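Values in this text are rule-based calculations from the coordinates and carry no lab data. Fair warning: this is a prediction, and the values are worked out from it, not measured in the lab. Cβ atoms come from the backbone with ideal geometry, glycine included; neighbour counts cover every protein chain shown.
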Amino acid sequence: MVGGNRQQGEPGSSEQDLGEHRRGPFSGQRLSIPPTRLPGTPEPTRYRTTPRQPYAKSGRGLGTASVTLHVLERREAWSAPNLLCSGWEPGMGTAAIEIGDLVKCYGPVRAVDGITVRVAAGEIYALLGLNGAGKTTTIRVLLGMIAPTTGTVHLLGRPLRGADASIWAEVGFLVETPAAYPELTVVQNLRVAARLRHLPGHNHADEVIDRLGLAPYANRRARTLSLGNQQRLGLAKALIHRPRVLILDEPANGLDPAGVVEIRHLLQHLAAEGTTVLLSSHILAEVARLATRIGVIHQGRMITELATTELTTRIQQRLAVASRDLAGAAHALRVAGHHPIIDSDGAHLHVTDRRALEQPDQIATLLVHAGHPPTRLDIEQEDLEAYFLRLVHQQDPAQQEEIGR
């Protein structure tokens, strides 16, 4: 990975050559071990490493790093991303994250189509959507990795257009696959991250290793880590400088159930301390336990936005009834003013009107008096996954019918 100032149209300046991750918040000097150079770039920052004592627990904490970085040469830092954004609309106020009417096109394809998001300080906001819905593209624009076609983007009340590099000192991020130097150990990777962010001392790496449960793997090379521990390392790098805003793309990816719970508690603790968290996911059940608000994206558009406390009122319920004479039971319910629907398998019928859901005992009494006593009477609740799929496919009757089965 190398750094340098690049002009539009220079050889090697395309996103294909650079990779979009090179345009983002780590826009200062780059570290390369061993140093390499792409066409059209100035000479990169050079470092050498000096081994120190092994990383081990000690009385003062998690010990010292097994590598010391010496800067041999430093080039001028990259400038901050220059997004093609206009100012935020008057009257919107200041929030930690503000995205207004965002559009991102790739040729004729609108990857993001008019998304507006506003996240307050200390809030956990989740972008929820299927793969390809536009979540990662939105995050990349927010981080300055790619420029929007149209729209506005603000972080911590500051427009990204013309912002200097200091804004990224307040932002931590993890986008898609966590990046690490494969031949360096966990602690070496974190000391490199701390050094790139100009953090003084060695305690930053020690603290985040302890917080993310990485102490047993501190001396392991990054390439030997499991997918879950690579994700932990990526999260540690995002948190090492104690950012005010944390932006995470699928943070639970690769984690085992215990790891998912740990990260959930960590993010909730950070939010309670005032950190703003924006994350993406395609798993509503996990998001519902973590986020305070959810924005559902489908085909680049925001189709609904709701507080997690509203989920219970949005989820559908139905009264499931079984009887030895299902047709007779359905007729008795229709006579009483209900609207039963018999399942395609003919084993149950369902009633969805509010009166039946609030007083299922009266349905039982009605069927007994009609001579068709129920053998099963149960209120079924739509699970979160079914609700999510119903939302994203609600305009496709064929898919909606399949989801309801």
Gly114's amide H: which non-local residues (gap 5+, or another chain) put their own amide H closer than 5 Å, with H modeled 1.01 Å from N in plane and none for Pro or chain starts? Leu102, Val103, Lys104
Excluding Pro182 itself, calculate the net charge of residues whose Cβ lies under 12 Å from the Cβ of Pro182, where each Lys or Arg counts +1 and each Asp or Glu counts -1. +2
Which parts of the stretch 275-298 would a label at Val103 reach, counting a residue when its backbone N lies under 19 Å from a point 7 Å out along Cα-to-Cβ? 298
Give the calculated FRET efficiency between Ile303 and Thr149 to the nearest 0.05, with a Förster radius of 25 Å applied to their Cβ-Cβ distance. 0.80
Sort Ser344, Ser226 so the one with the fewest other Cβ atoms within 10 Å of its own Cβ comes first. Ser344, Ser226
Charge dipole magnitude, Cβ of K and R +1, D and E -1 - the stretch 317-381, Cα centre, debye nearest 20: 140 debye
Would you kindly calculate the mean projected area, averaged across all directions, of the convex hull enclosing the Cα atoms of the stretch 317-381, in square nanometres? 3.7 nm²
Segment Glu358-Glu380, length gained on full extension (0.36 nm per residue, minus Cα span): 6.6 nm
Quick one: which residues, 5 or more positions from Asp343 or on another chain, have an amide H under 5 Å from its amide H? H modelled 1.01 Å from N in the peptide plane, none for Pro or chain starts. His348, Leu349, His350
